[in-house]
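For reference, the structure is listed below as structure tokens.
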Amino acid sequence: MDRAVKIVRAIFPGAKAEYVAAFEAGDARLAAAGITTPLRLAHLLAQCGAETGGLKVTRESLMYTTEARLKQIFNNMSLSKPLMPGEVRMLLRQEKDLGERFYGIALPSDLYERKGINGGINPGNTRKARSLGNDRPGDGFLFRGNGLLQTTGGKAHKEAGNQVRVDFFNHPELVTAAEHALKPVLFEWTGSRCNGFADDDNLLKISRAINLGNPNSRSTPNGMDDRKLYLKKAKRALGI
């Protein structure tokens, strides 16, 4: 089987340098995680590509510029407190407050105060925050999607860090460092039993495991068209 970095360079021409470097030095880690067949590698790269826009994204962008798109995202989320009048427009181009509204707990906000909304309190998304382990003010933005599989939430950062002995919780920037970038990916991949799904060529189960956190979910993962496209490219590059 060709080295993973060769396939990365072939199908992700605009990949971030730190991601390419991670795969360049990652042969032993991939093998230890059971990524030892072309089909398993193809599926892994498809998920990484879809989650990062072709390995071009390190952190989740919350810089929304149109009300229509932001409303669509909100409508796909379960909110502890429904949207309030004027809130969507107010949150355009406001990454930190939007991160807390999506993933965080309620906290005082200068933005909400200036706009006279909710008594100056960003209401957060309490149930989501609790499930993600975002317990402190600011955790919603701090632990937004991160790295090759867009690790999200304080709990996921802490669990991956504990497993691979890197302090991702206190240093989430290490998730995208070249020397560590594959570690949370392979922790999530193996913990979700994705090698077996890859052997069955089951893109949907893998996508549900990675994007929804449950391979048996009935929901459709985000970005399925991209997952299919990158899987096709990876298979072609690997001669499958």
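The values are calculated or read from the model by the stated rules, or taken from the named source; none is laboratory data. Here the structure is a predicted model, which is why all the values come from computation and not from measurement. Counting neighbours? That spans all protein chains shown, and the Cβs are built from the backbone with ideal geometry, glycine included.
The residues of segment 1-42 that are outside any helix (DSSP H, G or I) and farther than 18 Å from Arg193 by Cβ, listed by number, are Met1, Asp2, Arg3, Phe12, Pro13, Gly14, Ala15, Lys16, Ala25, Gly26.
Give me a count of the residues in segment 169-214 that are at positive phi and free of Cβ contacts under 8 Å to residues at least 24 places away in the same chain. So the answer is 2.
Checked against the criterion of being at pLDDT 95 or above, aliphatic (A, V, I, L, M) and part of a helix (DSSP H, G or I), the candidates Leu62, Leu55, Leu83, Leu45 yield just one match: Leu45. Considering segment 33-59, the residues that are under 19 Å from Ala209 (Cβ atoms) and in contact with a Ser or Thr (Cβ under 9 Å, 6 or more places away or on another chain) include one that is surrounded by the fewest Cβ atoms within 10 Å (Cβ to Cβ), namely Gly34.
Just so you know, in segment 181-240 the residues that are among the hydroxyl-bearing types (Ser, Thr, Tyr) and crowded, with 23+ Cβ neighbours inside 10 Å include one that is nearest to the chain's Cα centre (by Cα), and it is Ser207. Between Asn211, Asn170, Asn222, which is at pLDDT 95 or above and in the same structural domain as Ala50 (by TED's automatic domain parsing)? The match here is Asn170. Here the condition is being part of a helix (DSSP H, G or I), outside the structural domain of Thr52 (by TED's automatic domain parsing) and either surrounded by fewer than 17 Cβ atoms within 10 Å (Cβ to Cβ) or modelled with pLDDT under 95 (or both); of Arg136, Arg127, it holds for Arg127 alone. Exactly one residue among Glu113, Glu67 is without any contact (Cβ under 8 Å) to a residue 12 or more places away in the chain and more than 21 Å from Asn134 (Cα to Cα), and that residue is Glu113.
Filtering Leu148, Leu107, Leu91 for residues that are in contact with a strand residue (DSSP E or B) (Cβ under 9 Å, 6 or more places away or on another chain) and modelled with pLDDT of 95 or more leaves a single hit, Leu107.
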